[in-house]
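Presented below is the structure to which this report refers.
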Amino acid sequence: MIQLYIPLNFLGVLYREIKQSLTDLDKMFALMEREREVADKPGAQALPPGAADWSVRFEHVSFHYDPARPILRDVSFEIPAGRTVAVVGPSGAGKSTLARLLYRFYDVQQGRIAIAGHDLRDVTQASVRQAIGIVPQDTVLFNDTVEYNIAYGRPGASREEVEEAARAARIHDFIASTPRGYQTMVGERGLKLSGGEKQRVAIARTLLKDPPILIFDEATSALDSANERAIQAELKSAAQNKTTLVIAHRLSTVVDAHEILVMEAGRIVERGTHQELLAQGGRYADMWALQQSAEAETFTEVMGM
Ligand code: ATP
């Protein structure tokens, strides 16, 4: 029996290993599939790394994944260098598509997107991706150590630099509390991190990369309010002096943005600061009132009132 058990047990381990590698490969191919959507123009130049003005401009951008279904319609906005623009709106409005286009997963069909005054189609993809740090909704962690996962933001970073980024992203204390610290294995085969913890690892990774442009795609999953406030504080410090696009699912994240864009069915239907939009009494003001009353209701329930 034991003779049979050992090979079966081994096969089980092998099966899990292969399945895991296939999952990783799946992710890689899914990414490569997207990468293939665009190609560098012959003779494309790199974005000048020392550009003085890392502004982002969307000019009359229209876009569809499928010609039968327009997603963005005549979208124009600017994020001046060092400023933050936040996008809000119902699910499916096209918010994350803006982030995908800025990272140049796809090219626009009409209009143009420019970074530091350069049309994205005229510069190398590598230089665009070098200039941008993304904190995605759902961070994929590698099946490796916490240290590797953070240092991925800047290969060759020293342990001190990794720790410094982790402290700034407020994940250091959590890492230090685990028995193996920075050598703790994470990912599907290691320590499972909560959504908020994963997002903090992604923030640390991005802080280490220190790009001039930041895209923050807020997690849709509800975080508890303490976690949410912590992530907002980290985001605020990460976004300092960076040109930042925030795709927001909760209005509390956008209050401090220099400009808020309200999107609906691929169009910008309202724009302004939090105060201006409240004063307009339009969709944003309605969304805000709705969110406030939902929060008050939850508070009342939690407090048993
Ligand atoms: P959410 O708040 O739910 O994240 P969103 O406003 O960010 O939504 P997008 O992710 O930009 O919305 O999606 C806009 C529309 O484009 C959706 O209807 C979605 O189904 C569609 N879409 C997104 N990605 C693709 C794709 N790769 N191929 C085809 N359609 C897509």
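Each value in this text was obtained by applying a stated rule to the coordinates, not by laboratory testing. Since this is a predicted model, take the numbers as computed values, not measurements. Quick reminder, even Gly has a Cβ in these numbers, built from the backbone with ideal geometry, and neighbours come from all protein chains shown.
Test of understanding: ordering Trp288, Trp54 by Cβ neighbours within 10 Å, fewest first, what list do you get? Show your work: numbers first, answer last.
Working: Trp288 18, Trp54 21.
Listed from fewest to most nearby Cβ atoms, that is Trp288, Trp54.
Please report the spacing between the Cα centers of the stretch 238-261 and the stretch 82-142 in Å, no decimals.
Centre-to-centre (Cα) distance: 15 Å.
Given H placed 1.01 Å from N in the peptide plane, which residues other than close sequence neighbours of Leu193 have an amide H under 5 Å from its amide H?
Those lying under 5 Å, H to H, from Leu193 are Gly187.
Under a crude label model (7 Å from the Cα following the beta-carbon direction), how far is Arg129 from Glu78 in nanometres?
In this crude spin-label approximation the distance works out to 3.0 nm.
Please arrange Leu191, Leu277 by counting, for each residue, the other beta carbons lying within 10 Å of its beta carbon, fewest first. Don't skip to the answer; put the middle values down first.
Working: Leu191 14, Leu277 24.
In increasing order of surrounding Cβ atoms, one gets Leu191, Leu277.
If you build the Cα gyration tensor of the stretch 121-259 and take the root of 5 times each eigenvalue, what three semi-axes come out, in whole angstrom, biggest first?
Values: eigenvalues 106, 76, 35 Å².
Calculated on Cα positions only, the semi-axes equal 23, 19, 13 Å.
Please arrange Leu235, Leu251 by how many other C-beta atoms lie within 10 Å of their C-beta, fewest to most. If you can, show how the numbers build up before the last one.
Details: Leu235 22, Leu251 19.
In increasing order of surrounding Cβ atoms, one gets Leu251, Leu235.
Quick check for me: using +1 on Lys/Arg Cβ and -1 on Asp/Glu Cβ, what's the dipole size of the stretch 100-168 about its Cα centre, in debye to the nearest 20? Present the calculation step by step, with values, prior to reporting the outcome.
Numbers: 8 positive and 10 negative charges, 70 e Å.
I would put it at about 340 debye.
Which whole-Hz ³J(HN,Hα) couplings does the stretch 200-213 yield from phi under the Karplus relation 6.51 cos²θ - 1.76 cosθ + 1.60, θ = phi - 60°, glycine and proline marked x?
5, 4, 5, 5, 4, 4, 6, 4, 5, 5, 6, x, x, 10
Stokes-Einstein D for the stretch 104-170 at 4 °C, 1.567 mPa s, Kirkwood Rh over Cα pairs, in µm²/s? Can you show the working numbers first?
On the way: Rh = 14.5 Å.
In µm²/s, the coefficient rounds to 89.
Report ³J(HN,Hα) in whole Hz for each residue of the stretch 247-263, in order, from the Karplus equation J = 6.51 cos²θ - 1.76 cosθ + 1.60 where θ = phi - 60°; Gly and Pro get x.
Rounded to whole hertz, the list is 9, 10, 10, 10, 5, 4, 6, 9, 3, 8, 4, 5, 9, 10, 9, 9, 10.
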